[in-house]
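Have a look at the structure below before the remarks.
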Amino acid sequence: MNKSTSIKRYLRRKWLLTLFYLDIFRNFNKYILGRSKIKLDTKLQNHYSIAYARGSVIAIFVCIFTINFHLNKTKDPYQILTEDKSLDYIKSSLEDVATIDNNLQKNSEVFLKLPKTKPDEFGDKQILGFGNNIDARTIISLFEEEDYNLKDIRKGKAVEPIFLSKLPTGIENLDNINDRKRLFIRVVLPLVLYENEQILDDREILNQISREKKLDTVEKDWLTKKFKEYKVSNNNIEELKVKMDIIPVSIALAQAAYESGWGTSRFAMEGNSLYGARTWKKGKGLVPNERDEDEKFEVAAFKIIRASISSYKKNLNTHSSYKEFREIRAKQRKTLNRVNGLELAKYLYNYSEIGFTYVERLQKIIEQNSLTDFDDAILSKKKKPNIV
């Protein structure tokens, strides 16, 4: 890649970032001011229109300023283009952090017994992302810039750590159904892998603890927390080992695709709910339009899509309806030291009221979209994550 091409790519990234900021102002103008129940008089409406215009100018100015700053910082502009390409991000609020299950947080003292955490691993606050919905085509452009494509992933390339807090808007407007599917998979895949990595880290600690004859206070506290998190009775370590394991990527992707209509359902777009989880706490979710009058449940809503994935995995790993699923998974782990998503899908008949028909549909989604190709995928640790 020559310098001219690299500079063009750099400027293109800056332009995409500018469009991102402009999209924020546009959405504010459209969805906040445009949907206000209070009718603004002409003078006040003009005031907001001017403020919108000023904001747009500021976004463009910031883009130009950062370009000049980076190009003037060194005499060799090509040096800038070879640096880490990750986007800057806005730190999430404490309220968003609280939506992630606190039990997934690692006890730092326990980790002292394991190899030191690499500096480029991703913490909960890092992967929450920025809370604005971004247009699907903008996200596709970002993926192309980051050279994040499923063809290479299927061949064994590590997955780019690009984390979205919400699904892109306008997925349903993409003309090609395969483009919609590819986009949905690329959005959900890094988050599924991240959640699985957290579980595997916990399994490593558990295996280490189970080999020790005497536990210290820190280890006992960690175990107590995990027994509670995984709903293990009688402090049974063997039962905890069965429950504490990953959900195969192929299954997690297939269920998310089926339950959310490949990211186009109302529950997915408005409530970041990918798996159709129900709640009986009034006001904690979205009321289905087709719900019977005597029904009280809602479809659970989440602050971010990662919280939906975390909740889904906790459900499969703890609920009594999926005991057989977990037992077969444990046998696979013991005999093959890995889990088979297509095979395990057979034991999710309790997930839906349509039973084994649901299993057939899941397996069909897995096979038709070759989702088992992603069961062995890993997250790239070569650079910091991009947060969108």
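It is to be established whether one or more residues within region 293-302 are under 24 Å from Phe163 (Cα atoms) and part of a loop (DSSP other than H, G, I, E, B).
Pass one, region 293-302, residues under 24 Å from Phe163 (Cα atoms): 299-302.
Filter once more, keeping what is part of a loop (DSSP other than H, G, I, E, B): 301-302.
Within region 293-302, one or more residues are under 24 Å from Phe163 (Cα atoms) and part of a loop (DSSP other than H, G, I, E, B).
So the check is Cβ under 7 Å with 6+ separation or different chains; which pairs have a first residue in region 166-178 that's assigned by TED's automatic domain parsing to the domain that holds Ala257 and surrounded by fewer than 17 Cβ atoms within 10 Å (Cβ to Cβ) and a second one that's modelled with pLDDT under 90 and hydroxyl-bearing (Ser, Thr, Tyr)?
Once the first residue is assigned by TED's automatic domain parsing to the domain that holds Ala257 and surrounded by fewer than 17 Cβ atoms within 10 Å (Cβ to Cβ) and sits in region 166-178, no partner that is modelled with pLDDT under 90 and hydroxyl-bearing (Ser, Thr, Tyr) comes close enough.
With respect to Ile199, determine if the residue is β-branched (Val, Ile, Thr), within 23 Å of Ile365 (Cα to Cα) and touching a residue at least 40 places away in the same chain (Cβ under 8 Å). If you could, list the steps in order and put the result at the bottom.
Working: β-branched (Val, Ile, Thr): yes; within 23 Å of Ile365 (Cα to Cα): no; touching a residue at least 40 places away in the same chain (Cβ under 8 Å): yes.
Spelling it out, it is not the case that Ile199 is β-branched (Val, Ile, Thr), within 23 Å of Ile365 (Cα to Cα) and touching a residue at least 40 places away in the same chain (Cβ under 8 Å).
May I ask you to list the residues in region 266-302 that are among the hydroxyl-bearing types (Ser, Thr, Tyr) and touching a Ser or Thr at 6+ places or on another chain (Cβ under 8 Å)? It would help to see each step written out before you state the result.
Residues of region 266-302 that are among the hydroxyl-bearing types (Ser, Thr, Tyr), as a first pass: 273, 275, 279.
Correct list: Ser273, Tyr275.
Which residue, of Ile185, Ile205, is in a helix (DSSP H, G or I), farther than 16 Å from Leu371 by Cα and in contact (Cβ under 8 Å) with a residue 60 or more places away in the chain? Break it down into steps so the answer makes sense when it comes.
Numbers: Ile185 fails: farther than 16 Å from Leu371 by Cα.
After applying the criteria, what remains is Ile205.
Here is a list of conditions, (1) of a type in the set (A, V, I, L, M); (2) under 17 Å from the mean Cα position of the chain (by Cα); (3) closer than 14 Å to Lys303 by Cα, and Ile251 meets all of them except one; can you say which number that is?
Only one criterion is unmet by Ile251, namely (3).
State yes or no: is Asp175 in a loop (DSSP other than H, G, I, E, B) and modelled with pLDDT of 90 or more?
no
If Lys166 satisfies all but one of (1) among the basic types (Lys, Arg); (2) closer than 21 Å to Trp262 by Cα; (3) assigned to a helix (DSSP H, G or I), what's the number of the condition it fails?
The number of the failed condition is (3).
Among the residues of region 272-282, are any in contact (Cβ under 8 Å) with a residue 60 or more places away in the chain, more than 18 Å from Val249 (Cα to Cα) and not assigned by TED's automatic domain parsing to the domain that holds Ile246?
Step one: list which residues in region 272-282 are in contact (Cβ under 8 Å) with a residue 60 or more places away in the chain, which gives 272, 274.
Remaining after also requiring more than 18 Å from Val249 (Cα to Cα): 272.
From what is left, the residues that are not assigned by TED's automatic domain parsing to the domain that holds Ile246 are 272.
Looking through region 272-282, at least one residue is in contact (Cβ under 8 Å) with a residue 60 or more places away in the chain, more than 18 Å from Val249 (Cα to Cα) and not assigned by TED's automatic domain parsing to the domain that holds Ile246.
The values are calculated or read from the model by the stated rules, or taken from the named source; none is laboratory data. Treat the numbers as computed from the prediction; the structure is a model and nothing was measured. In this analysis, Cβ positions are derived from the backbone assuming ideal geometry, glycine residues included, and neighbour counts consider all displayed protein chains.
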